[in-house]
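In what follows, a single structure is set out as structure tokens and then discussed.
The values are calculated or read from the model by the stated rules, or taken from the named source; none is laboratory data. Quick caveat: nothing in here was measured; it's all calculated off a predicted structure. Every residue, glycine among them, receives a Cβ derived from its backbone with ideal geometry; neighbour counts consider all protein chains shown. Note: accessible area is taken over every heavy atom of the protein model, side chains too, but ligands, DNA and RNA are not part of it. Shrake-Rupley method; radii C 1.70, N 1.55, O 1.52, S 1.80 Å.
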Amino acid sequence: MRARPASIVVLISGSGSNLQAILDATHDGVIDAQVSAVISNNQDAFGLQRAHRAGVDTHFIDPQRYTTRAEFDLALMQCIDRYHPALVVLAGYLRILSKEFVDHYYGRLVNIHPSLLPKFPGLKTHQRVLENGDTEHGVTVHFVNAELDAGPLIAQVRVPVHADDDALSLAERVLEQEHRLYPLVIKWFIDRRLKLRENTVLLDGVALRSPVQLAPDSSKVTINGTSETTDRTINHDKAE
Ligand code: GAR
């Protein structure tokens with residue numbers, strides 16, 4: 001008898017292009033798991049339509065029905081736990097999480113953020129990178145802790161900032177890399193290669209001294225300063 005595939009629950013607030021990359025990777029068998037539910041705090045999130053189209057359960061939890069963050073997060077946790085997820089994925093989920101929530105999923109809760117964390121947590125990262133005159137920008141995937149866009153860093157992709165960039169062109173360049181990086185990191189987790197132990201990120205049993213760097217234009221990854229090649233290139237042209 002074949003074991004049931006691992007369950008992933010994805011939380012979104014908006015377009016859901018990262019969700020689409022994850023759905024494609026599970027559909028194609030690149031990630032050996034199934035997205036069992038997509039939950040949003042925004043009824044109009046386009047990502048809910050993407051999930052529906054893929055035949056995945058969707059839920060809208062209305063923040064206005066709850067007077068406190070703790071009550072909302074409790075309802076969210078109850079909804080998530082019905083699906084017994086191996087991993088909870090924040091994919092453009094733009095709502096602050098309570099400590100209770102983060103503690104409950106600690107070590108199996110990941111987020112993607114459009115900057116080279118710890119630089120530029122919070123919103124409007126592309127604009128802030130331009131205003132700061134940075135020549136490099138990128139994306140980070142990390143385990144979540146109780147602080148905003150913080151928590152142990154897992155992996156990054158770096159992209160150049162061009163002289164003629166505006167926030168939109170920069171966002172597009174970063175988003176393209178988000179769609180490569182997030183499925184790859186989720187695959188590592190589902191394949192049990194990636195773990196969080198006492199605030200230390202382990203990949204294949206090796207503690208990361210710095211986030212893994214995935215090359216923007218190839219499957220090359222650099223782990224603790226040593227270049228290796230990914231076992232499988234992930235290129236999700238379908239996500240938009
Ligand atoms: C992505 O750029 C993601 O990195 C960002 O929201 C966007 C969602 O896009 N997340 C954050 O800023 C979290 N702090 P998507 O809905 O198309 O995946």
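The residue pairs whose first member lies in the stretch 81-105 and is open to solvent by 40 Å² or more (accessible area, probe 1.4 Å), whose second member is of a type in the set (S, T, Y) and within 16 Å of the ligand (Cβ to nearest atom), and whose beta carbons are closer than 7 Å, counting only pairs six or more residues apart or on different chains, are L94/S13; R95/S13.
Among the conditions (1) under 11 Å from the mean Cα position of the chain (by Cα); (2) open to solvent by 20 Å² or more (accessible area, probe 1.4 Å); (3) of a type in the set (V, I, T), the only one that V139 does not satisfy is (2).
Condition check ((1) open to solvent by less than 40 Å² (accessible area, probe 1.4 Å); (2) on the phi < 0 side of the Ramachandran plot; (3) in contact with a Lys or Arg (Cβ under 9 Å, 6 or more places away or on another chain); (4) among the polar types (S, T, N, Q)) across all residues:
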position: G122; (1), (2), (3), (4): yes, no, yes, no
position: T135; (1), (2), (3), (4): no, yes, no, yes
position: L170; (1), (2), (3), (4): yes, yes, no, no
position: R173; (1), (2), (3), (4): no, yes, no, no
position: I190; (1), (2), (3), (4): yes, yes, no, no
position: T200; (1), (2), (3), (4): no, yes, no, yes
position: S219; (1), (2), (3), (4): yes, yes, yes, yes
position: E228; (1), (2), (3), (4): no, yes, yes, no
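Residue count for the stretch 122-143 satisfying the condition of being within 12 Å of the ligand (Cβ to nearest atom) and hydroxyl-bearing (S, T, Y): 2. Applying the condition of being open to solvent by 20 Å² or more (accessible area, probe 1.4 Å) and of a type in the set (D, E, K, R) to the stretch 63-80 and asking which residue is nearest to the ligand (Cβ to nearest atom) yields R69. Within the stretch 109-120, the set of residues being surrounded by 15 or more Cβ atoms within 10 Å (Cβ to Cβ) and touching a residue at least 24 places away in the same chain (Cβ under 8 Å) comprises L109, V110, N111, I112, H113, P114, S115, L116, L117.
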